[in-house]
Amino acid sequence: MADRELAVDDFLTRPYPPRDIAQRFNAFAPVQRFLLREIANGAQQFTGRVMRDTLEHALGVGITGAEVRKALPSLPGNTVANPHRGRYVIEDKLLERWLLVQQKV
């Protein structure tokens, strides 16, 4: 079983090397990058005061709930999905894994 899992991981990473993941991530707007990190960590509440305060601190600029609501659907469909209204998941599993690894570095 482990050999099969390694083979799948190798197959998935060949057309999408880590340097391309970083380049793709860095092409997103700062608020989108923040939201992607939060979604990867399992966050689901994005427009509340606590999240907006965290976002404002991270970006160094004020942001409204409306701006956050606009940023979420602006993420490409092959990157983030909203299968259950209000619950966001990262569709691009390589990006999700990369985000989680980056937080540990």
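The values are calculated or read from the model by the stated rules, or taken from the named source; none is laboratory data. Nothing here was measured: the structure is a model prediction, and the numbers come from that model. Here the Cβ is made from the backbone with ideal geometry for all residues, glycine too, and neighbour counts use every protein chain on show.
Counting only residues that are out of contact with any Asp or Glu (no Cβ under 7 Å at 6 or more places or on another chain) and part of a loop (DSSP other than H, G, I, E, B), the stretch 78-105 holds 5 of them. Residue pairs whose Cβ atoms lie under 9 Å apart, sitting 6 or more positions apart in sequence or on different chains, and linking a residue in the stretch 61-76 that is on the phi > 0 side of the Ramachandran plot to a partner that is modelled with pLDDT under 85 and outside any helix (DSSP H, G or I), do not occur here.
Only one entry of ALA81, ALA27 meets the criterion of being among the hydrophobic types (A, V, I, L, M, F, W, C), touching a strand residue (DSSP E or B) at 6+ places or on another chain (Cβ under 8 Å) and without any contact (Cβ under 8 Å) to a residue 24 or more places away in the chain, and that entry is ALA81. Residues of the stretch 45-75 that are surrounded by fewer than 12 Cβ atoms within 10 Å (Cβ to Cβ) and part of a loop (DSSP other than H, G, I, E, B): GLN45, GLY48, GLY60, VAL61, GLY62, THR64.
Using the structure shown, decide if HIS84 is at pLDDT 85 or above and surrounded by fewer than 10 Cβ atoms within 10 Å (Cβ to Cβ). It is false that HIS84 is at pLDDT 85 or above and surrounded by fewer than 10 Cβ atoms within 10 Å (Cβ to Cβ).
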